[in-house]
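All remarks here apply to the structure that follows.
The values are calculated or read from the model by the stated rules, or taken from the named source; none is laboratory data. Everything numeric in this text was worked out from a predicted model, so none of it was measured. We place every Cβ from the backbone using ideal geometry, glycine too, and count neighbours over all the protein chains shown. These accessible areas exclude ligands, DNA and RNA; they are computed on the full protein's heavy atoms, side chains included. Shrake-Rupley method; radii C 1.70, N 1.55, O 1.52, S 1.80 Å.
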Amino acid sequence: MEVTNTDERAVNVDRISELPEHILHHILCLLRWPTDLARTSILSKKWNVIWQSFTSFDFDQRRFLCLNGADKWDHIQPLPLDKQSIIYKQVFTESLGGSEMPLIQKFILFVENTLTTRIDQLPSIQKFRLHVFFCVDLFIPLMDRWISIATDKNVNELDIHAKMSGKFYFLPQAVFASRTITSLKLYGCEVGDSAAIKLQNLRELSMKAMRINENIVHNFAHGCPLIEDMRLINCYGLKFVHVSSLPKLNKFEVYERSSLRSIKLEVPNLETFLFHGKKSSKCKLMLAGCGNLKNLTLRHAHMSDKIFQEHISHFPLLENLFLLECQTLQRITILSDKLKKLSLVRCHKLKEANIDAPNLLSFEYTGAELPFSSMNASRLQEVKLQFKSQKQKFVQKFIEGFDGKGFKLFLASKQDVHIYDELRGLHLPHSGVYKIQLTKSARMLENLLNGHLRDFYPKNLTLKTSLTSDLLAFIQERRLNKEKTPSCCKFYSKKCWRHYLEAIKMSEYPNASSAENPSISLELLWNEDLPLLEDLGMTREFLVHKDTELTYTDE
């Protein structure tokens, strides 16, 4: 009886509130709406203290422009007269005044109220994020004031996203003199050539959709000696990039917007470099001074075979190599005992590839033909193959080359999925465009199937496997133990495939090559509530992997 009482008391313990304060702060960071964040303060005295000490602030104007969320801001009232700054009064009386308060005014009120009631009481703040989607000229003084308040409060992470029509937001000088900023992310901003940049503790710098030049990059490099992560994304006006004075720089990424002429890096400790050039890019890459590079990603349409071989010879420690749409590559040779992951995606003119990488674990290829003359990769664990046009004989021969290595084959289209526990006696389907993946991991195979069922809701699933297979047990568990209303997604608005699966019809037929391993055919019947692919954001071509999309977002 005592044990039962103890168990009952244990069930009633609020374990979440007992978590360390920094974890509770992280939980608050994950809440989408500021009003939801504020509501946590009434949960208990402990949560009220946590909320009062929360030092990350996210002001996103898009939430105030969303019609579905408009009613969330009806409670916001104008500031008392004694709290209204001159800039605040000017904005409301000269440009945005009126009897009915528009959502743009509610955003201003929300920021001003938060600054007055919360930030003023704190000695310092961890993060300040300001995302302004619609910015008018009279808005600028308010932004200057808000950002200056953040820097005065010794902010560590500053994230400014300013979208203005036809112009850039000019950052206050106070930003570049901060001694506490460790992360600076800027979008749509402008930095003057003469700006005195001295951010002694800056570790992370991201500049996106900005107007910059080589002098500004140079000023950041010389004024911020501790930078470890630097990203230049779709910036205007940049012709040359030369970095040689950042001893701690570990990661450098460049996404080209205007026509870059050259990138020269002399950074011995650099481990990751990414260049995502335009299709017309003729940018010259000079990376010989980066001998410790481990991760290299290149989207360079005009990189020749000779230049690629010169690059690869400088990186003896390279572990991950990703080549995307390198359209002039025709013949390449990769010799490396360090390489672990290799991806060749849509390099359509590639005719010959010789790979000698005995420690390679993951290999991916997307293209029209199979260009591999020789391939030594005895430790491979995962292979991804995608083709625009298949010559079945060559594809099948290539796949069967992995037979002795214990691979399982996952073959999928929008309508059909085929899974093979063994590759002997393999007969690929003659029609349709398929995604081909080989793996040695049963868990990975389950993940592939789960992801495909979630994204495409195919009609047929065929298993060539033994009756004692873990994969078959996984399928049967999902089929036989399916609840009427599955509870797996009760906390999510978007449901997984189990919620739409009405029934499964199973049939068995003997396999000519192995009586012990019959083929099992499953017909998947989906209910009428099945969402459209457009509703799931499936706008990309089927054959484009999510992990090969070289996009960047600050969101």
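Return the residues of the stretch 170-207 that are under 26 Å from the mean Cα position of the chain (by Cα) and within 19 Å of TYR236 (Cα to Cα); say none if nothing qualifies.
Of everything in the stretch 170-207, those that are under 26 Å from the mean Cα position of the chain (by Cα) and within 19 Å of TYR236 (Cα to Cα) turn out to be LEU184, LYS185, LEU186, TYR187, GLY188, CYS189, GLU190, LEU205, SER206, MET207.
When you check LEU350 against the structure, is it modelled with pLDDT of 95 or more and not aromatic (Phe, Trp, Tyr), yes or no?
Spelling it out, it is not the case that LEU350 is modelled with pLDDT of 95 or more and not aromatic (Phe, Trp, Tyr).
How many residues, within the stretch 265-280, are in a loop (DSSP other than H, G, I, E, B), over 20 Å from LYS248 (Cα atoms) and open to solvent by 10 Å² or more (accessible area, probe 1.4 Å)?
Initially, the stretch 265-280 is screened for residues in a loop (DSSP other than H, G, I, E, B), giving 266-271, 277-280.
Adding the requirement that they be over 20 Å from LYS248 (Cα atoms) leaves 277-280.
Retained after the next criterion (residues that are open to solvent by 10 Å² or more (accessible area, probe 1.4 Å)): 278-280.
Qualifying residue count for the region: 3.
When the residues of the stretch 201-216 are filtered to those that are in contact with a strand residue (DSSP E or B) (Cβ under 9 Å, 6 or more places away or on another chain) and at pLDDT below 95, which remaining residue is most open to solvent (accessible area, probe 1.4 Å)?
The extreme case among them is ARG211.
Somewhere in the stretch 100-116, is a residue modelled with pLDDT under 55, under 25 Å from PHE168 (Cβ atoms), among the acidic types (Asp, Glu) and open to solvent by 10 Å² or more (accessible area, probe 1.4 Å)?
No.
Looking at (1) in contact (Cβ under 8 Å) with a residue 24 or more places away in the chain; (2) more than 29 Å from THR180 (Cα to Cα), find the lone condition where ILE307 falls short.
Failed condition: (1).
Let's see how each residue does on (1) modelled with pLDDT under 70; (2) farther than 30 Å from LEU232 by Cβ:
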site	(1), (2)
HIS452	no, yes
ALA473	no, yes
GLN476	yes, yes
ARG479	yes, yes
CYS496	no, yes
HIS499	no, yes
SER513	yes, yes
LYS546	yes, no
GLU555	yes, no
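Exactly one of these conditions fails for LYS349: (1) within 26 Å of the chain's Cα centre (by Cα); (2) charged (D, E, K, R); (3) under 23 Å from SER281 (Cα atoms). Give me its number.
(1) is the only condition that LYS349 fails.
I'd like to verify a number: residues in the stretch 327-351 that are surrounded by fewer than 14 Cβ atoms within 10 Å (Cβ to Cβ) and in contact with a Ser or Thr (Cβ under 8 Å, 6 or more places away or on another chain), how many?
Residues in the stretch 327-351 being surrounded by fewer than 14 Cβ atoms within 10 Å (Cβ to Cβ) and in contact with a Ser or Thr (Cβ under 8 Å, 6 or more places away or on another chain): 1 in total.
Pick out the one residue from LEU380, LEU370 that is under 19 Å from GLU400 (Cβ atoms), at pLDDT 90 or above and part of a loop (DSSP other than H, G, I, E, B).
Testing whether each residue is under 19 Å from GLU400 (Cβ atoms), at pLDDT 90 or above and part of a loop (DSSP other than H, G, I, E, B) leaves just LEU380.
Every residue, every condition in (1) touching a residue at least 40 places away in the same chain (Cβ under 8 Å); (2) surrounded by 17 or more Cβ atoms within 10 Å (Cβ to Cβ); (3) in contact with a strand residue (DSSP E or B) (Cβ under 6 Å, 6 or more places away or on another chain), yes or no:
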residue	(1), (2), (3)
LEU232	no, yes, yes
PHE240	no, no, yes
ASN250	no, yes, no
SER262	no, no, yes
LYS282	no, no, no
LEU287	no, yes, yes
ARG299	yes, yes, yes
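I'd like to check something: does the stretch 140-158 contain any residue that is hydrophobic (A, V, I, L, M, F, W, C), modelled with pLDDT of 90 or more, closer than 25 Å to GLU228 by Cβ and in a helix (DSSP H, G or I)?
Scanning the stretch 140-158 turns up at least one residue that is hydrophobic (A, V, I, L, M, F, W, C), modelled with pLDDT of 90 or more, closer than 25 Å to GLU228 by Cβ and in a helix (DSSP H, G or I).
Working carefully through the options PHE402, PHE407, find the one that is surrounded by 14 or more Cβ atoms within 10 Å (Cβ to Cβ) and touching a Ser or Thr at 6+ places or on another chain (Cβ under 9 Å).
PHE407
Just to be sure I understand the filter: pairs with C-beta atoms under 9 Å, separated by 6 or more residues or on different chains, first member in the stretch 418-430 and open to solvent by 30 Å² or more (accessible area, probe 1.4 Å), second member among the aromatic types (Phe, Trp, Tyr) and in a loop (DSSP other than H, G, I, E, B). Which pairs pass?
Final answer for the pair search is HIS418/TYR434; GLU422/PHE407.
Looking at the stretch 124-162 only, could you name the residues that are out of contact with any strand residue (DSSP E or B) (no Cβ under 9 Å at 6 or more places or on another chain) and open to solvent by less than 20 Å² (accessible area, probe 1.4 Å)?
Residue satisfying the conditions is LEU142 alone.
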